[in-house]
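For reference, the structure is listed below as structure tokens.
Values quoted throughout were computed directly from the atomic coordinates according to the rules given, and no laboratory measurement underlies them. Given the structure is predicted, the values throughout are model-derived calculations rather than measurements. A quick note on method: Cβ atoms are made from the backbone with ideal geometry, for glycine too, and the neighbour counts reach across all protein chains shown.
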Number of protein chains: 2
Amino acid sequence: MGDRLSLNTATTKPWTLPQAVEGAGRAGVTAVGVWRDRVAEHGLAESAALLRDAGLTVSSLCRGGFLTASSPEAAAAALADNRAAIEEAATLGAQALVMVVGGLPEGDRDLVGARARVAERLHDLAPVAADHGVRLALEPLHPMYVADRAVISTLAQALDLAAPFDAATVGVVVDTFHVFWDPDLCESIARAGREDRIASFQVCDFNLPIATDALLSRGYMGDGVVDFAAITGWVAATGYSGPVEVEIFNQDVWDTDGDTVVSRVRERYDQLVAPHL
Amino acid sequence: MGDRLSLNTATTKPWTLPQAVEGAGRAGVTAVGVWRDRVAEHGLAESAALLRDAGLTVSSLCRGGFLTASSPEAAAAALADNRAAIEEAATLGAQALVMVVGGLPEGDRDLVGARARVAERLHDLAPVAADHGVRLALEPLHPMYVADRAVISTLAQALDLAAPFDAATVGVVVDTFHVFWDPDLCESIARAGREDRIASFQVCDFNLPIATDALLSRGYMGDGVVDFAAITGWVAATGYSGPVEVEIFNQDVWDTDGDTVVSRVRERYDQLVAPHL
């Protein structure tokens, strides 16, 4: 089995897309997860050509989602934006469009209602994704983000939401930072495997203490509390053979030279993740 | 039904136990949740007499737990400390001894192993609790504390751990801050009711953004994102008729005059919680 490391380009956030493509090339990384803002900045067709010419696998496009709006106008805007994201994912040949489903609308506290809206809007989007040959990847986020970013907090919940749809059209993301705490994780990963839903496997550590901006508490594998041997082993046991994407949001990492970051990512991946695949 | 508000004295942290008893009296609050450090400071027998003479219900003693140590010495020390906590709870006539079960030992990442140790050590403690007529109340903590404070993150997990024991000896805590995000919450609360395990109902809000010290992100009901109408309704639907304890860790609250805090607690409780009981 070849190298499965993928660099999510948010890890080298200061780099433009061309810089990230060059950086991946220098490090011998053969897959990248890309972000819509950096793609837009470079141009969609140009980005697709750049990635293709570099021979890079696009393991994910980040991201669609934010489907929880309650006003008809905001809901319509979200659907339009997701249709655009699906088209971009198709153009780039991305293996998955990562979906961060959204939190509570301002002033609203009804999680049950917000989750129902996500389920409903997936019924609008899944046919669009299927038409474009794009796989939506529902991402459960750590429960500390339930109110402001994602009302999906567990892999089981993501699998339940995916269940009505073809597995080739709606899958799930297993991101170690978001799900490592889950007492049902081993069982939910096995279920995701049986149901052929693992669309993306993302790794990074959960650093303590939690960063002042809680979004930035992601760390290099080995710097925090995640058990990579166990979780990687559970994912591998399902037969998952896709890319392993390293995605780190962390101010110190972003303040470090990109090539140094990529080589540290490679080192930690080789040491803590790859042996368990 | 009489007043069910209980003041957890961590909410008025600067107060000694006698000051908290007086403060509760001035506000007409008839129940308190007390902390071991403040009880020790005043003396155990003296505290028991003080609370009894004031006619206060002791809805909880906080807290026992920290059962995840892996070294035999640390494990023995934890058991000894929990035996002491059980004796204190018995002397105070506390309705529940709140158990925060502990996180990962330093350098350890094995959540599965840590959870197994909790299960094992409950078998040592439950008979001691039963002998003293004390009810252990297992508290699931928000997943952001899984590594450093509590490897129990969901109510379902707490109920599974409680299952081998008599419900009068081992119950669970439903704390809105810790469990509001749980997609299975409604179902787990109903199960806790059916199994007669609700030993403590604690309320406070989950404030955003998360405080720099993540432990202090608890807020007055109404200041954050918790749906008190829904969760209180689910608890009430089980037939739970015990105290409703307000427990807020928050630096701004601690910097406010205690009587002001208690009156704000009363006001928010009357407005956001009591109507749904």
Quick one: check the C-alpha center-to-center distance for segment B:208-273 versus segment B:25-101, whole angstrom. 21 Å
Stretch in chain A that is longest and holds no GluC sites (Glu not before Pro) that DSSP places in a loop and that have at most 16 other beta carbons within 10 Å: A:1-105
Please identify the trypsin sites (Lys or Arg not before Pro) of segment B:24-123 that satisfy two criteria: DSSP loop assignment and at most 16 other Cβ atoms within 10 Å. Which are they? none
Label points for A:Pro275 built 7 Å along Cα→Cβ; distances to same position in the other copies, nm, shortest first, come to 5.9
In deg cm²/dmol, rounded to the nearest 500, the helical mean residue ellipticity at 222 nm of the protein assembly as shown, built from -39500 (n - 2.57) for every DSSP H run of length 4 or more, is -13000 deg cm²/dmol
Which FRET efficiency value, to the nearest 0.05, do you get for B:Thr16 and B:Asp259 by plugging their Cβ-Cβ distance into 1/(1 + (r/R0)^6) with R0 = 22 Å? 0.90
How large are Rg and Dmax for segment B:48-186 when only the alpha carbon atoms are used, in Å? 14.9, 47
Surrounding net charge for B:Ala85, when Lys and Arg each add one and Asp and Glu each subtract one, Cβ distance under 15 Å: -1
Distance (nanometres) between label positions extended 7 Å along Cα→Cβ at A:Glu106 and A:Asp166: 4.0 nm
Could you give the length gained on full extension between B:Asp252 and B:Ala76, defined as 0.36 nm per residue of separation minus the Cα-Cα distance, in nm? 59.6 nm
Student exercise, chain B dipole from Lys, Arg, Asp, Glu Cβ charges, in Debye to nearest 20: 340 debye
For segment A:40-80, what's the radius of gyration and Dmax over Cα atoms, in angstrom? 15.0, 43
Volume in Å³ per residue [convex hull over Cα atoms, computed for the protein assembly as shown]: 147 Å³
Only Lys, Arg, Asp and Glu count, each charged at its Cβ (+1, +1, -1, -1), so figure out the dipole size of the protein assembly as shown about its Cα centre, rounded to 20 debye. 580 debye
For chain A, set up a Gaussian network in which alpha carbons nearer than 10 Å are linked by springs, and say which option among A:Val203, A:Val98, A:Val226 fluctuates the most. A:Val226
Over all directions, average the projected area of the Cα convex hull of segment A:137-222 and note it in nm². 5.7 nm²
How far is A:Asp257 from the same spot in each other copy, in nm, shortest first, if each label point sits 7 Å from Cα toward Cβ? 6.0
Reported to two decimal places, what Rg/Rh ratio describes segment B:117-165 when computed on Cα atoms with Rh from the Kirkwood expression? 1.00
Taking 51 Å as R0, compute the FRET efficiency from the Cβ-Cβ separation of A:Glu120 and B:Asp53 and round it to 0.05. 0.30
When each copy gets a label point 7 Å from Cα toward the beta-carbon at B:Asp166, what are the spacings between them in nm, shortest first? 5.9
Rg to Rh for chain B: what is it, with Cα atoms only and Rh by Kirkwood? 0.94
Set the Förster radius R0 to 35 Å, insert the Cβ-Cβ distance between B:Asp184 and B:Ala45 as r into 1/(1 + (r/R0)^6), and round the FRET efficiency to 0.05. 0.20
Could you tell me the relative contact order of segment B:5-276? Use alpha-carbon pairs under 8 Å, at least six residues apart, and round to a whole percent. 19 percent
